[in-house]
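**Student:** Here it is, the structure, as structure tokens.
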Number of protein chains: 4
Amino acid sequence: MSRTRQKLYEIIFEADTPTGKLFDVVLLFVILLSVALVMLESVPFIRQDYRTHLHILEWIITGIFTAEYFLRILIVRKPFQYIFSFYGIIDFLSVIPTYIGLFLVGSHSLVVIRILRMLRIFRILKLSRYTQAGRSLVRALWASREKISVFIFFVIVLVIVIGTVMYLIEGEANGFTSIPRGIYWAIVTLTTVGYGDISPQTSLGQFMASIVMIMGYAIIAVPTGIVTAEIINPSRRDNTQVCPQCLWHHHD
Amino acid sequence: MSRTRQKLYEIIFEADTPTGKLFDVVLLFVILLSVALVMLESVPFIRQDYRTHLHILEWIITGIFTAEYFLRILIVRKPFQYIFSFYGIIDFLSVIPTYIGLFLVGSHSLVVIRILRMLRIFRILKLSRYTQAGRSLVRALWASREKISVFIFFVIVLVIVIGTVMYLIEGEANGFTSIPRGIYWAIVTLTTVGYGDISPQTSLGQFMASIVMIMGYAIIAVPTGIVTAEIINPSRRDNTQVCPQCLWHHHD
Amino acid sequence: MSRTRQKLYEIIFEADTPTGKLFDVVLLFVILLSVALVMLESVPFIRQDYRTHLHILEWIITGIFTAEYFLRILIVRKPFQYIFSFYGIIDFLSVIPTYIGLFLVGSHSLVVIRILRMLRIFRILKLSRYTQAGRSLVRALWASREKISVFIFFVIVLVIVIGTVMYLIEGEANGFTSIPRGIYWAIVTLTTVGYGDISPQTSLGQFMASIVMIMGYAIIAVPTGIVTAEIINPSRRDNTQVCPQCLWHHHD
Amino acid sequence: MSRTRQKLYEIIFEADTPTGKLFDVVLLFVILLSVALVMLESVPFIRQDYRTHLHILEWIITGIFTAEYFLRILIVRKPFQYIFSFYGIIDFLSVIPTYIGLFLVGSHSLVVIRILRMLRIFRILKLSRYTQAGRSLVRALWASREKISVFIFFVIVLVIVIGTVMYLIEGEANGFTSIPRGIYWAIVTLTTVGYGDISPQTSLGQFMASIVMIMGYAIIAVPTGIVTAEIINPSRRDNTQVCPQCLWHHHD
């Protein structure tokens, strides 16, 4: 039986063999279907018209996921390590809401946690060169984490100051009903999102807003500069060939 | 006749000779006119007042395009290869809606497909150095396709999670009527477009939105960094001169 | 008299001498005042309350500018060359609307052309190192003009196609009253401005809009990449020192 | 006593010793609390329900800050230098509004100046490597101050011209009630914020707006390019190792 188990382990947990890859692709397809189902169910008129169909599909998918979950526990060598791993918890959380929904009305919407199972797509992509691209992006972001932290801290201080000033200038009559709301406006403006649900009405407020916007224009350049510099630089660090003339690694 | 055909071929299909270039420029002008016509016709008050004029112009242009289409088929050595080529299909699709419009009311608006004929402008530009600029841009985008794919996949997962969370937080009363609409809001916010047709109303929703916006601020740096790095780097790869001292191509 | 004329020429036309610089600074101050005046006059309640004051100030400034204009013509060696130069035409256009306003009601608002006189600020800045910064920016933009042209052409084609498709999807009932309006919406969306005066209402329209926004996200990286690459590269080209070992200019 | 004073000085003014660092962390926590308090107090329903609680907390924090302020004056060697230093003035301004509030109603909201005390966080961060990240960002911004100044000056001139033109095109009926408001709109559009509180209604206005938006698209690339170039370049200047072959510092 050990051999069957070993084979099943390769199919379910690994994606190196053709069968293992097929299993992951099929699983991903079911996950996508379940995510689409959650989305469709939230649309009012679809919920009304196809209630029974959605209900049945929902239970079929929950059944598949439950079977898969117990199969994983049975096959893996250290079941507890899997159960309390990141993917193990997600796998558990993606089936339990449907069962709870039988007893507790309203808990059903928690099923959306299934969306996180989509992260399994990285399992399949792991084999392709897409991971390398992803890893270099993550590396660039990770290498610039300190600069980005300082930058975000600075943006938060700035946004608190601006939000407070605008609250004092505009006042509650113009939609700036509190300092937190002023800060919300400052973030909406500085990030150039600009909903327009709150916008300055007084001349002084519009003048201040103009300054904030031009500042945001200059500030947006900073994270871009940080990340770009990190994407460009690491490729140099990887150059380990020493110039025989000057024995100096980073020739430039 | 072969010589006449050869000459006509050069004029119509190539843009190297002065006559060929002139033909392409005139054709481009007619295409631009036809596109402008489609646009003007969609404006209600122009449609009412100049119905006949637009109708006549429409048929003149369709006539020119039809004649050109048959001429191309007659002159080209392998007609079927042209007919089923990218440009051949566009040429066909840009004349047929007007004829169908005679029998089927409403099919007329399909004439907008003519806009795609504007791509012929690249034929003329091919001769100039603008193509080189365009090609280097396309090369930069193509070289970074993997990173951009990973990035866009990440953005899509992020947007689904955010959209679902906001749907649960804000609910249908505040415009987040379904998960797809929540995702639509998440995209509008993360890309810093910010229409304001849907915007968070609750304090918790506005707090979440603030985090999303600041994330979007940092995230927008990623594609910029990718493309910039690709535009800067390839010029180095083209340097094939070897430093005689260290026999190392990429000296930096 | 030739010496007085020479001296006045230096003061008025050049900014190298202390007096010449002082003249330019004073002139710039008057120009800024006249621009502020035009702005203030456009504000309804200021126009009503300070009509006479603004009127008097207006005529004083017009008087100064007229005197300066005739002085320039008298002093310059080749008057006609000045009159038909870029600055000469601006100087003329910045005084004439006030005089025409005496006879023709409504022509007064043309006085805003005075704003262009603010470009004289570059005269004073010419002496400082700010010009170098400005010149390097202009050089970077100029060097990347071909890539930017190709990019903008591509954006225009894209925007026409998107605008037309959205006009067909959303229709006149949802604010997309014509193709040009659809194109306007596409530009507002792709550039991430997002007014929200027109926004998609149908599900299909919102889905299309989502794709456009994510495209805009990736597209905005292109001009940034172009300009950044141009700002970084030229500094290398200026390096004319040849490595004595490999006699190769662009060592990297 | 001198030794006690020396020790207290180290605790309060320096952050090198563990006790000094603890003091700064506790102080920072109190500052964050006081900032949160100011925010909460601005929210209407919290202000009504917890008026007394907030009042007491307010006075406790003011008490702590006052004690700390006098302690600093007593302990520092040159008290006047501290009092008139940047942090000294902020420390004073962060306690005085509460006391004035006893006599003058309404002056209380000035207490928000306390937010600036959050800058003390940099004192603690000074010890960590985050300062290096922050300093390199500030250096990059400082090194590009001339280019950014020229850029912002250019944007301001552009925005005045666009604002005036749009005021003339759209007029007061469409929300462009004055030139300053037109300029406000131009800034909102060029920075891609796009509130939508003012948006062009006429066809000509929308056409002009489209051009402004595409311009803004290209313009946003400039500050990004400037800052990115400055972040990438300085690391090279720091390389002081000379290539022994060519005795040329900046080898690339």
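Each row is one residue, and each column tells you yes or no for (1) closer than 25 Å to C:Glu172 by Cβ; (2) open to solvent by less than 70 Å² (accessible area, probe 1.4 Å); (3) in contact (Cβ under 8 Å) with a residue 60 or more places away in the chain; (4) not in a helix (DSSP H, G or I).
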{"position": "B:Ala15", "(1), (2), (3), (4)": "no, yes, yes, yes"}
{"position": "B:Phe23", "(1), (2), (3), (4)": "no, yes, no, no"}
{"position": "B:Phe29", "(1), (2), (3), (4)": "no, no, no, no"}
{"position": "B:Ile60", "(1), (2), (3), (4)": "no, no, no, no"}
{"position": "B:Phe65", "(1), (2), (3), (4)": "no, yes, no, no"}
{"position": "B:Arg72", "(1), (2), (3), (4)": "no, yes, yes, no"}
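**Student:** Is there a residue being at the interface with chain C (Cβ under 9 Å from one of its Cβ atoms), among the charged types (D, E, K, R) and open to solvent by 50 Å² or more (accessible area, probe 1.4 Å) anywhere in the range D:174-184?
**Tutor:** Yes - at least one qualifying residue is present in the range D:174-184.
**Student:** Taking the range C:153-180 only, how many residues are in a helix (DSSP H, G or I) and small (Gly, Ala, Ser)? Give the steps one after another, and end with the answer.
**Tutor:** Here is the first cut: in the range C:153-180, the ones in a helix (DSSP H, G or I) are C:153-170, C:172-174, C:179-180.
Those left that are additionally small (Gly, Ala, Ser): C:163, C:173.
Number of matching residues: 2.
**Student:** As an exercise: evaluate A:Gln201 against (1) polar (S, T, N, Q); (2) more than 7 Å from every other protein chain (Cβ to nearest Cβ); (3) in a helix (DSSP H, G or I) and give the number of the one condition it does not meet.
**Tutor:** (3)
**Student:** With respect to A:Arg47, is the statement that it is in contact with an Asp or Glu (Cβ under 9 Å, 6 or more places away or on another chain) and free of Cβ contacts under 8 Å to residues at least 40 places away in the same chain true?
**Tutor:** Taking the combined requirement at face value, the residue satisfies it.
**Student:** Please state which of the following conditions A:Pro79 fails to meet, knowing it meets all the rest: (1) farther than 15 Å from A:Ile12 by Cβ; (2) without any contact (Cβ under 8 Å) to a residue 12 or more places away in the chain; (3) more than 14 Å from chain B (Cβ to nearest Cβ).
**Tutor:** (1)
**Student:** Got a number for residues in the range A:159-173 being within 12 Å of chain B (Cβ to nearest Cβ) and surrounded by fewer than 17 Cβ atoms within 10 Å (Cβ to Cβ)?
**Tutor:** As a first pass, look at the range A:159-173 and keep what is within 12 Å of chain B (Cβ to nearest Cβ): A:159-160, A:163.
Restricting the remaining residues to those that are surrounded by fewer than 17 Cβ atoms within 10 Å (Cβ to Cβ) gives none.
Of the residues in that region, 0 qualify.
**Student:** Hey, can you tell me all the residues within the range A:74-104 that are among the hydrophobic types (A, V, I, L, M, F, W, C), assigned to a helix (DSSP H, G or I), open to solvent by less than 40 Å² (accessible area, probe 1.4 Å) and within 17 Å of A:Leu28 (Cα to Cα)?
**Tutor:** A:Ile90
Each row is one residue, and each column tells you yes or no for (1) modelled with pLDDT under 90; (2) of a type in the set (Gly, Ala, Ser); (3) under 26 Å from C:Asp197 (Cβ atoms).
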site: B:Thr164; (1), (2), (3): yes, no, no
site: B:Leu168; (1), (2), (3): yes, no, no
site: B:Thr192; (1), (2), (3): yes, no, yes
site: B:Ala229; (1), (2), (3): yes, yes, no
site: B:Pro234; (1), (2), (3): yes, no, no
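**Student:** When residues of the range A:38-58 are filtered for being open to solvent by 50 Å² or more (accessible area, probe 1.4 Å) and of a type in the set (Val, Ile, Thr), how many remain?
**Tutor:** 2
**Student:** Still on this structure, I have one more. Mind counting the residues in the range D:155-209 that are aliphatic (A, V, I, L, M) and farther than 26 Å from C:Leu137 by Cβ? Spell out how you get there, then give the answer.
**Tutor:** Applying the first criterion (aliphatic (A, V, I, L, M)) to the range D:155-209 yields D:155-162, D:165-166, D:168-169, D:173, D:179, D:183, D:186-188, D:190, D:193, D:198, D:204, D:208-209.
Keeping just the survivors that are farther than 26 Å from C:Leu137 by Cβ gives D:168-169, D:173, D:179, D:198, D:204.
So the count comes out to 6.
The values are calculated or read from the model by the stated rules, or taken from the named source; none is laboratory data. Here the structure is a predicted model, which is why all the values come from computation and not from measurement. Don't worry about glycine lacking a Cβ; one is built from the backbone with ideal geometry, like all the others, and counts go over all protein chains shown. Surface areas here come from the heavy atoms of the whole protein model, side chains and all, with no ligands, DNA or RNA. Shrake-Rupley method; radii C 1.70, N 1.55, O 1.52, S 1.80 Å.
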